[in-house]
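Report on the structure given below.
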Amino acid sequence: MLTTLVRAGIVLLAFSTSTLAEPMKVTLLGTGVPTPRPTSFSASTLVEAGSEKLLFDLGRGSTMQLYKLKIPLGAITANFITHLHSDLVGLPDMWLTGWLATPWASRKGPMKLYGPKGTVATTENLTKAFADDIRIRIDDEHLDPVGITFAAKDIEAGTVYDSNGVKVTAIEVNHGEKIKPSFGYVVEYGGHKVVLSGDTKYDERIAKAAEGADLLIHEVAVIEPELLVKNPVYKDIQAHHTSPEEAGRIFATARPKLAVYSHIVFGTVKPAPDIPEEPLILRTRATYKGPLLVGRDMMSFRIGDMVEAFAPDGTNLAP
Ligand SMILES: [Zn+2]
């Protein structure tokens with residue numbers, strides 16, 4: 001809001017700092033894991049800040065969610081991946097489909113992609129894998145070859161992106177010894193801060209990075225004890241992730257304005273159609289009493305003077 005003060009004939013224009021930048025908007029495109037579950041696509045988060053549209057992780061279904069939001073795939077200004085597990089299986093879709101010369105795609109320049117060591121090699125191998133499609137579409141549909149190139153970078157912890165007032169910092173997290181490095185990300189714009197944990201075990205570096213954050217999006221795993229006995233693979237899976245009690249400790253230390261779960265790993269003995277919210281919240285409440293939401297695909301957040309949350313149907317949620 002612009003306030004005009006007239007004092008002794010001098011006109012002063014006063015801005016409140018928070019109005020200098022428009023609110024950030026965050027949308028959970030996918031809140032799940034590689035399980036092909038139609039109600040929770042694998043993790044992908046869209047952060048809109050000023051003129052930037054940043055995508056964090058490229059889970060299966062991220063192209064479809066952007067289509068629903070009427071955001072052309074080509075409008076994404078930069079993409080970030082947290083680690084090289086197959087959670088990023090939506091990458092070839094975003095890359096190839098985003099290149100098509102249609103109103104809902106039309107990427108004009110190289111696809112900007114930041115991620116841990118191995119990211120550049122992944123893009124080189126994808127380019128080899130889809131060489132025939134690329135050749136055919138350039139020849140047949142006269143697509144601009146620039147749009148199917150990557151501007152990819154293997155990153156280290158620290159500032160990895162700074163553009164149009166939006167700064168992205170990578171923080172190393174602990175997703176286990178065999179998948180290193182794995183990153184979380186801090187996005188800052190207009191005095192606001194959004195933190196994404198990426199895939200990680202309990203890691204205090206996230207709590208530190210998220211101190212004073214407006215929004216902390218954290219992964220979590222909740223697996224029924226009986227299932228851990230029945231199928232030992234779930235033990236390995238659980239060992240790479242954060243329990244609700246541990247996530248609660250991170251939230252309690254960081255004290256974000258709002259904590260949200262996304263990338264929700266769950267395992268139940270009887271197949272469950274959807275994320276069992278109640279045990280997740282109950283277990284988190286053992287260590288954290290503050291504002292908390294269990295993320296759902298297409299849940300969104302507006303971050304201005306306050307943090308507002310919206311259900312997938314647009315209704316305002318009071319966390
Ligand atoms: Zn992972």
Name the residues in segment 261-303 that are in a loop (DSSP other than H, G, I, E, B) and at pLDDT below 95, would you?
T268, V269, K270, P271, A272, P273, D274, I275, P276
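For every residue, the table says whether it meets (1) in a loop (DSSP other than H, G, I, E, B); (2) more than 16 Å from the ligand (Cβ to nearest atom); (3) closer than 13 Å to F80 by Cα; (4) under 14 Å from the mean Cα position of the chain (by Cα).
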residue: K153; (1), (2), (3), (4): no, yes, yes, no
residue: V160; (1), (2), (3), (4): no, yes, yes, no
residue: K167; (1), (2), (3), (4): no, yes, yes, no
residue: E172; (1), (2), (3), (4): no, no, no, no
residue: G176; (1), (2), (3), (4): yes, no, no, no
residue: G184; (1), (2), (3), (4): no, no, yes, yes
residue: K193; (1), (2), (3), (4): no, yes, no, yes
residue: I206; (1), (2), (3), (4): no, no, no, no
Candidate set from segment 75-88 (those that are among the hydrophobic types (A, V, I, L, M, F, W, C), in contact with an Asp or Glu (Cβ under 8 Å, 6 or more places away or on another chain) and not in a loop (DSSP other than H, G, I, E, B)); member that is nearest to the ligand (Cβ to nearest atom):
L88
Subset of segment 42-74 [part of a loop (DSSP other than H, G, I, E, B) and more than 12 Å from the chain's Cα centre (by Cα)]:
G50, S51, R60, G61, L69, K70, I71, P72
If you go through segment 89-119 one residue at a time, how many are buried (at least 17 other Cβ atoms within 10 Å of the Cβ), of a type outside the set (S, T, N, Q) and within 16 Å of the ligand (Cβ to nearest atom)?
4
Here the residues within segment 202-219 that are under 20 Å from Q238 (Cα atoms), surrounded by 24 or more Cβ atoms within 10 Å (Cβ to Cβ) and touching a helix residue (DSSP H, G or I) at 6+ places or on another chain (Cβ under 6 Å) are I206, H218
Matching residues in segment 113-123 - criterion: being out of contact with any Lys or Arg (no Cβ under 8 Å at 6 or more places or on another chain) and free of Cβ contacts under 8 Å to residues at least 60 places away in the same chain
G118, A121, T122, T123
Unique match (being in contact (Cβ under 8 Å) with a residue 40 or more places away in the chain, surrounded by fewer than 17 Cβ atoms within 10 Å (Cβ to Cβ) and polar (S, T, N, Q)) among T284, T253:
T253
Would you point out the residue of segment 28-64, among those that are within 13 Å of the ligand (Cβ to nearest atom) and of a type in the set (S, T, N, Q), that is nearest to G190 (Cα to Cα)?
S42
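The values are calculated or read from the model by the stated rules, or taken from the named source; none is laboratory data. Because the structure is predicted, anything quoted here is derived from the model rather than measured. Cβ sites come from the backbone with ideal geometry, for glycine too, and all protein chains shown count toward neighbours.
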